[in-house]
Amino acid sequence: MKNKKTIHFLIAILLDVLISLLVPATNGLTDIGVRAIGAAVATVYLWTFVATDWTSIFAALLFAIAGVMPFATLLTTGAVPVLLIITMSAITIPLSRTGFIARVINWFVTRKILRGRPWLFFAFYFAAIYIIGCFLDVAACALIALPVARELCREIGYEDDSKFASTMYLGIIWYSMWGYAATPIAHTVSIIIMGLVESATGMTISMMDYMAVGVPCTIILGVLSFLVFRFIVRPDVSKFINYDPESRAQKVSAKMGKGERNAVIIFALVIAAILFPDLCRGFLPEAAAFVSALTINGPAVAGIALMFVVTDEHGDRLLDFSKSINDIPWGAALLVFGMFVVAPCLTAENTGIPVWIANLLNPMTSTMTSWVPLVLVVAAFCAIFTNFMSCNAIANIAFSLMAPIALGLSPMVNVAALAIVVAIAANIGIMTPAASAASAVVLGSGASTGHAMKYGAVMIPISVVVCLAAVYPLASLVFPI
């Protein structure tokens, strides 16, 4: 394996060199642009076959050697979004450690109204996963939800190879990904897209604005997913008669401890502070402007400080950063850094790449009279290929390629709305173990990969239709040109 990755590394370097030497600088493309394309191809190859962490820093070196920007400039490009991934991930750690996330799932599946109603049970269970996914990284969500789901299957009387169990397990993948797409809270794809839009257009997308599109559209995805499970997967639910929600409630109920309560309060305060500028701009403009200037990182860092000072019932800190260092998704943070290196390099004026792409696609775009074809291509590309490589990489590639075209077609095409399509479609990683961290956790733990492939293939075209019919039109309303 080590030798194989070394070979892939050498292939990436060879691709960079060959493209730089053999691709002609024509049709608007400059010599720097040719070398930038070589660096970009090498970077994507490294992300796919070698690693996504250290290679993201190496990407900055490749682009600096290509002459796009100075190395020092590239190193500072992704500092803010990287810090955001670190801080927002840190404040969610105590929610998992104190048992609050498992408590949320168990609360949803132990309501009295669920007795004898298997599909209402599934609806409540899916809702719990979705809500958790809105605030937690998908890997953490899956790791916490999977033992609960497995315990519920055993309690009701189903084995892992049953369709009932597959519905429970695939529900973790699907609904955690829908929650991941719904908000930018510790979620890399949406954070990447928000930053790339600002870099390309100067438009700032706030968390509230993103959620105004992400939440309703992913709820639509959730409803359609439920219908797929109900009428296409059609699991046997005859054994559900064995399930007693009240009995389970007595077994898993426990009083919320001091640490769990404090973690929830501090996390809620951080989220309230992040949303404060959007909610209070109309009647507290000065305060809203002050908090807004702190960026999302400000409240998150304050939350980390509070969690360091506040203790649980055992006298331990809610968050000792030095002890929690391994719980921070450093790989994701470095990948975000890499994304913010690649994107500005591919759109830099000295490369000629935007002009080159526009010239290549001019025969198609010159006769385009609607945004539908472009959005369809982008949504389909992201939804399909995100199942075979990093959703972060797919989002970055799609936006970097399409942004120059969309800007050239403005106002017929809304760049911000197209970016939100990319953010949501790139999170349809539900088919394969490589599709997402949630898929890796669930499918790597014995869930049916065959069922994931079969029913994921049904959900992907549905998701593309949602992007066309709901995501882009709603985003166009939220971000008018």
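The values are calculated or read from the model by the stated rules, or taken from the named source; none is laboratory data. Given the structure is predicted, the values throughout are model-derived calculations rather than measurements. Positions of Cβ are generated from backbone atoms using ideal geometry, with glycine treated the same way; all protein chains shown enter the neighbour counts.
Here are a few things to note about the model shown:
- Residues of segment 358-380 satisfying the condition of being loosely packed, with under 15 Cβ neighbours inside 10 Å and outside any helix (DSSP H, G or I): Ser366, Thr367, Thr369, Ser370
- Of the criteria (1) within 30 Å of Ala40 (Cβ to Cβ); (2) in contact (Cβ under 8 Å) with a residue 24 or more places away in the chain, which one Phe267 fails: (1)
- Taken over segment 169-186, the criterion of being of a type in the set (Gly, Ala, Ser), in a helix (DSSP H, G or I) and over 8 Å from the mean Cα position of the chain (by Cα) is satisfied by Gly171, Ser176, Gly179, Ala182.
- Scope segment 310-326; condition farther than 17 Å from Glu260 by Cβ and not in a loop (DSSP other than H, G, I, E, B); matching residues: Ile325, Asn326
- Looking only at segment 228-273, and only at residues there that are among the hydroxyl-bearing types (Ser, Thr, Tyr) and at pLDDT below 90, the one that is nearest to Asp316 (Cα to Cα): Ser253
- Candidates Pro285, Pro216 - the one that is over 27 Å from Ile462 (Cβ atoms), surrounded by fewer than 19 Cβ atoms within 10 Å (Cβ to Cβ) and either over 23 Å from the mean Cα position of the chain (by Cα) or in the same structural domain as Leu468 (by TED's automatic domain parsing) (or both): Pro285
- Of the criteria (1) surrounded by fewer than 24 Cβ atoms within 10 Å (Cβ to Cβ); (2) of a type in the set (A, V, I, L, M); (3) within 25 Å of Cys217 (Cα to Cα); (4) out of contact with any Phe, Trp or Tyr (no Cβ under 9 Å at 6 or more places or on another chain), which one Ala403 fails: (1)
- Considering Val148, Val189, Val109, Val197, the condition of being of a type in the set (A, V, I, L, M), within 14 Å of the chain's Cα centre (by Cα) and assigned by TED's automatic domain parsing to the domain that holds Ser463 is satisfied by Val189 alone.
- The listed residues are Ile405, Ile430, Ile420, and the only one of them that is under 16 Å from Gly171 (Cβ atoms) and either assigned by TED's automatic domain parsing to the domain that holds Thr167 or not in a helix (DSSP H, G or I) (or both) turns out to be Ile430.
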